[in-house]
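Engineer: Once you've had a glance at the structure underneath, I'll fire off some questions.
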Amino acid sequence: MAEHYQPSGRSEVIPQIDRRRFLQAGLVATGTVIGAPILQSSMAAAAAPAAATNTSSDQIPRRTLGKTGEQVSIIGLGGYHLGTMQSLDDAVRLVQEAVDAGVTFFDNAWEYNDHRSEEWMGRALQGRRDKVFLMTKVCTHGRDKNVAMQQLEESLKRLRTDHLDLWQIHEVIYENDPDLHFAKGGVIEALDEAKKQGKVRFVGFTGHKNPSIHLKMLAHNYPFDTVQMPLNCFDGTYRSFEQQVLPELERRGIAALGMKSLGGDGQPILHGVVGPEEALRYAMSLPVATTISGMDSLNVLRQNLAIARGFKP
Amino acid sequence: MTPQEMQQLRDRCKSFAADGHLELYKSTKRYDGGVGREQHGYPPPEQLPL
């Protein structure tokens, strides 16, 4: 927890890997937002899981990340929990074991744990950066492009890299967030600028509040590559992202990133409503590119790896 | 999971999850990040009186 963290005031030289050369996938999202019924449990069941590669029983399967053509592991390592671990050494051990086991998708956010999550992940990925698909999130929460670009530079420095594979707008959860993000001089302009500068390959947004806010973001027809949202077996009866957002992403060819597969704080698991394996298998069986999971111990990591290895929907 | 297995699991969870109380991040601001709360005029949870 935070008591072990010392804010970084160091002036050490941070090694950086050479910037990858990459091509931006052209992506034009079109179409209108379609209102969805509140409860259609049969509709969700009709959605087919995404095809996977790397499916032998000892490997972590991979799926294609929407129209980007990138392949990512079906389980992703969440950055928030990494920053809650007892020590940097523990975090490094967790990340490196995950990478060596075949986890390629790494999640983070500029604001997690007062920046400790990015700092620790950056340290842990030294020497392994090219093996992973690295994402972090920009946390303007309505502030302008300049704030976003400043945060990008800070994230790159802490993550010890010169580019992100994916940069997402974090927590689009307030009703007026889409208006703020798409306003002139807002964070959307920062996404464009960062891509032009070659510091970001792909872009997306996240949120956990209401499918209507996600659909409002999508209604702008901006060429998002990814959209992250809660997807779990409890979602279907209340503000269902699975029913209202997932079909729209499939229609547009935008990669869906799942999170909160255990219901966020894990209360349903603790109360015995479902087991962790069936909850995670459910989330991974949806048409998502990856399911991001918070892992704060080697035991949790190894449990998730065992579920993901050779996973077949 | 097969589509049938997924439907069975959804059906099993429905009575527990129906009003959203297993997903409070959808209906309260308790789980929202501090930076966003501040930008939208909400105090940190630890500063709330109750």
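Engineer: If I go through segment A:188-198 residue by residue, how many of them are of a type outside the set (Lys, Arg), surrounded by fewer than 18 Cβ atoms within 10 Å (Cβ to Cβ) and not in a loop (DSSP other than H, G, I, E, B)?
Structural biologist: 2
Engineer: Right, residue A:184: among the basic types (Lys, Arg) and free of Cβ contacts under 8 Å to residues at least 24 places away in the same chain or not?
Structural biologist: When the stated conditions are applied, residue A:184 passes them.
Engineer: Where in segment A:77-187 are there helices (runs of 4 or more DSSP H), lying fully within it, with 3 or more residues that are more than 13 Å from every other protein chain (Cβ to nearest Cβ)?
Structural biologist: Here the list reads A:88-101, A:116-124, A:145-159.
Engineer: Please determine, by comparing only the residues of segment A:227-248 that are touching a residue at least 60 places away in the same chain (Cβ under 8 Å), surrounded by fewer than 24 Cβ atoms within 10 Å (Cβ to Cβ) and within 26 Å of residue A:169 (Cα to Cα), which one is nearest to the other protein chains (Cβ to nearest Cβ).
Structural biologist: A:243
Engineer: Here's a follow-up. Got at least one residue in segment A:48-66 being in a helix (DSSP H, G or I), surrounded by 22 or more Cβ atoms within 10 Å (Cβ to Cβ) and over 18 Å from the mean Cα position of the chain (by Cα)?
Structural biologist: No, there is no match, as no residue in segment A:48-66 is in a helix (DSSP H, G or I), surrounded by 22 or more Cβ atoms within 10 Å (Cβ to Cβ) and over 18 Å from the mean Cα position of the chain (by Cα).
Engineer: Then there's this: Counting just the residues of segment A:199-226 that are in contact (Cβ under 8 Å) with a residue 40 or more places away in the chain and among the basic types (Lys, Arg), which one comes out surrounded by the most Cβ atoms within 10 Å (Cβ to Cβ)?
Structural biologist: Applying the filter and picking the extreme gives A:201.
Engineer: Given the condition out of contact with any Leu (no Cβ under 8 Å at 6 or more places or on another chain) and touching a residue at least 40 places away in the same chain (Cβ under 8 Å), answer yes or no: does some residue in segment A:256-271 qualify?
Structural biologist: Taking every residue of segment A:256-271 in turn, at least one turns out to be out of contact with any Leu (no Cβ under 8 Å at 6 or more places or on another chain) and touching a residue at least 40 places away in the same chain (Cβ under 8 Å).
Engineer: While we're on this one: Could you list, in sequence order, all residues of segment A:189-213 that are within 14 Å of another protein chain (Cβ to nearest Cβ) and touching a helix residue (DSSP H, G or I) at 6+ places or on another chain (Cβ under 9 Å)?
Structural biologist: Answer for segment A:189-213, where residues must be within 14 Å of another protein chain (Cβ to nearest Cβ) and touching a helix residue (DSSP H, G or I) at 6+ places or on another chain (Cβ under 9 Å): A:205, A:207, A:208, A:209, A:210, A:211, A:212, A:213.
Engineer: Within segment A:55-95, which residues are modelled with pLDDT of 80 or more and of a type in the set (S, T, N, Q)?
Structural biologist: Selection gives A:59, A:64, A:68, A:71, A:73, A:84, A:86, A:87.
Engineer: May I ask you to list pairs of residues, at least six apart or on different chains, whose Cβ atoms are under 7 Å apart, with the first in segment B:1-27 being among the hydroxyl-bearing types (Ser, Thr, Tyr) and the second being modelled with pLDDT under 95?
Structural biologist: Listed pairs, sorted by first residue: B:25/A:264; B:25/B:31; B:27/B:20.
Engineer: Now for a different question. Does residue B:41 satisfy the criteria of being more than 7 Å from every other protein chain (Cβ to nearest Cβ) and surrounded by 14 or more Cβ atoms within 10 Å (Cβ to Cβ)?
Structural biologist: So residue B:41 fails the test.
Engineer: Out of all the residues in segment B:1-35, which are part of a helix (DSSP H, G or I), charged (D, E, K, R) and either at positive phi or facing chain A (nearest Cβ under 7 Å) (or both)?
Structural biologist: Passing the criteria: B:10, B:14, B:26.
The values are calculated or read from the model by the stated rules, or taken from the named source; none is laboratory data. Small disclaimer: the values here were computed from a predicted structure and weren't measured. Counting neighbours? That spans all protein chains shown, and the Cβs are built from the backbone with ideal geometry, glycine included.
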